[in-house]
Each structure stands twice: as structure tokens, then as C-alpha cells.
Amino acid sequence: MSTSTTPGAPTHSPTDVVAPPRGARDWMWIALIANLVGNIAIILTGGLVRLTGSGLGCPTWPECTPGSLVPTGDQTEGFHKFIEFGNRLMSPVLVVVALWVLVLAVRRFWRSRRRFVYACAIPLFFVLVQAVVGGIIVLARLDPRTVSPHFLISLFLVANATYLLYRYREGDSAPERVVPTVVQRLAWAAAAVGGVVCVLGTAVTGSGPHSGDKYENVRFGFDPHATSWLHADAVMLFLGLTVALVVASRLVDVPAPFRRAWDWTLALSLLQGLVGYVQYFTGRPIAVVAVHLLLSAVFTVLLTQGVLTARRR
């Protein structure tokens, strides 16, 4: 007995993942990878701007200097103008990548996975928000109250990029737990404390020696040593929760991806803690702080995976 279908109607269920033809290049996957890499890269370029004192290398916004969108030869900012302008050029790159992700998602999944399409619109929206925040930072002369949110939004975009990569391989049915309830709650608690660690990290940076410009030394005004130790205390709490998750993943039945995610999170957190102590006791040299920034982006990826692998669709 055969069944018939309406011509032109989709033959898959709404929760199916529409795979590309066998042997074809999966452009959606490539675009999502580019989205993740780009949002990590802009954290590094933004960090380079701050660490080299190039935050006002382009002293106006949206122009680089009055009357010109690009650096000019008569600027007095020296090499700083090129570093700041290079960071600004990352924004249009991320806009293009975000549009690429959204267009591909609409073309492939508008009828079958509309919620995933909506999620793919988030990078474009927040990249545009970041561009505006970047302009506010320049106009506010690097006020740390504007710089800190700029960095935290970047970490959110890294987490979102990780989420999209994970969701791409799933359907759209309701999520089901694959770990005991207490373990899942522990993972969410660790993620929340990890977020606090990142926020306190921006307070440390906003109280330390790298203000982002050689002359505009606008800081939070917090005691840098007290802020650093408060940040370290939050890290210790996070490490305790992570160790508990690693131990729990050996004592109860959990999927291998969940166990690996928290193993890697613990390993990277220990490395990040070591780098943090090195930069604290060596006066926060530029190279060590840059490594700390890069590891914070990787930390965000692993922490997001640690939460996502506690359920499946």
C-alpha cells in the first residue's frame, strides 16, 4: 500500500534536521563556525586595543577622525590609530558573517525549524548593538562603565555562537534531561557562578593599569588588589562546583559529552587561574593579560557546552 503526498509539501517532520546532500559542503555549519571564531577574534582585537593604549586611536565615532572614516596621515595618534581602526573593521566582518548565518538559516529551515531561525537572528542584532556600544565608549572617553558591558556582550555572543552550533545538530522537540536533576542544577549553578567570575573580571580590569589610553586614565576607582582577591574568591567557588560535577559524572550515569565538557572546563579553569595569578604577581604584563582574555572566551565555550550536554532534543 502506498501513500501520497501533496506536491511541494515538506516530507520531513518539523523536528527533523535538514541535512545537506551527501558529499555536499555544509555551508550552514561553516557559517556557524565562522560566527564563533569571529566573536572570539574580536575579543582579542579589542583586548589589543586596550592593552596597547589605543582606545582613542580613532578619537571620534563613527568617523575615525573628524572628516574621515579611515586613519589619516596628519593624526597625532601614531600606530594607535591603526590598532583601533583594525578593531573597528572587525564589526562589519561580523555583520557579514551574522547575515550569512541568518540567510542560510532562513533558506534551509524557515518551514521546518523556525525557532532555530529566530535564534540565528540573535548574532546580527547584538553585533549591531556592539557597534553602537563601541561608539559610546569612544564618546565617553573609555569610561569603564561602558567598556565592561562591551566585553560581556562579546562573551554572550561567544556563548550564543556555541549554542547555535549545538542546536544545529538537534531537532526542535522539547529538551529532555540526560543527567540526574541534581547534576543538571549543579551545572546551572556553576554556569551562574562562572558568569559572576566574568563580571568581576571586568571590574579587575577596570581597576588595573590598562585603561585603554595613555592619557585618558578613567578607572572604576575600586582598590585593584581587593577587587582581584574578590574575583579570585569567586573563581575558588566555581572550581569547587566544577570539581563536584567532575566527581558526580564518575559516580552516576551521564553521557560522555557531558563528562568531557566538565573535564575540559576544570582543566581550563585551573590553567586560567594559574595565568591570573601570574598576571597579578607580575604587574599584569600585556602578553599574559592577552592570554587571559583568550582563555576567557574558550572558558565561555566550554561552560556553554557543559550546560547544553545535560539535555537533548
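The values are calculated or read from the model by the stated rules, or taken from the named source; none is laboratory data. Everything numeric here is computed off the predicted structure, so don't read it as measured data. Glycine gets a Cβ as well: all are built from the backbone with ideal geometry, and neighbour counts include every protein chain shown. Ligands, DNA and RNA are stripped out before the accessible areas are found, and what is left, the full protein with its side chains, is counted by its heavy atoms. Shrake-Rupley method; radii C 1.70, N 1.55, O 1.52, S 1.80 Å.
Compare F85, F109, F79 by solvent-accessible area with a 1.4 Å probe and give them largest first, with all protein chains kept in place.
From most accessible down to least: F79, F85, F109.
Per-residue Karplus couplings for segment 278-289, computed as 6.51 cos²θ - 1.76 cosθ + 1.60 with θ equal to phi - 60°, are listed in order as 4, 5, 5, 7, 10, x, 6, x, 4, 4, 5, 5 Hz, Gly and Pro entered as x. For R311, the residues whose amide H sits under 5 Å from its own are V178, ignoring neighbours fewer than 5 places away on the same chain, with H placed 1.01 Å from N.
Can you tell me the relative contact order of the chain? Whole percent, Cα pairs under 8 Å, sequence separation 6 or more.
On the way: 378 pairs, mean separation 72.3, N = 313.
Answer for the chain is 23 percent.
Each residue of segment 56-68 is assigned a 3J(HN,Hα), and the resulting list reads 10, x, 10, x, 10, 8, x, 6, 7, 9, x, x, 8 Hz, derived from the Karplus form 6.51 cos²θ - 1.76 cosθ + 1.60 (θ = phi - 60°), x at Gly and Pro. Between the listed residues A105, I83, G73, the Cα displaced farthest toward the positive end of the dipole of segment 50-112, a dipole computed from Cβ unit charges relative to the Cα centre, is found at A105.
Each residue of segment 118-126 was assigned a 3J(HN,Hα) from its phi angle through the Karplus curve 6.51 cos²θ - 1.76 cosθ + 1.60 (θ = phi - 60°); the sequence is 4, 4, 6, 7, 4, x, 4, 4, 6 Hz, with glycine and proline shown as x. Ranked by the mean number of other Cβ atoms within 10 Å per residue, highest first, peptides 68-77, 289-298 order as 289-298, 68-77.
Would you mind telling me the share, in percent, of accessible area of segment 263-313 contributed by carbon and sulfur at probe 1.4 angstrom? List each step's numbers first, then the result.
On the way: 1770 of 2320 Å².
Carbon and sulfur atoms account for 76 percent of the accessible area of segment 263-313.
Unpaired Cys in the chain, meaning no second Cys C-beta under 4.7 Å: C120, C198.
How much accessible area per residue does the chain have, in Å², with a 1.4 Å probe? Write down the numbers at each step before the final one.
Values: 15970 Å² over 313 residues.
Per-residue accessible area for the chain comes out at 51 Å².
Once a ≥ b ≥ c are taken as the square roots of the eigenvalues of the Cα gyration tensor of the chain, is the result rounded (a/c under 1.5), prolate (a/b larger than b/c) or oblate (a/b not larger than b/c)? The shape class here is oblate.
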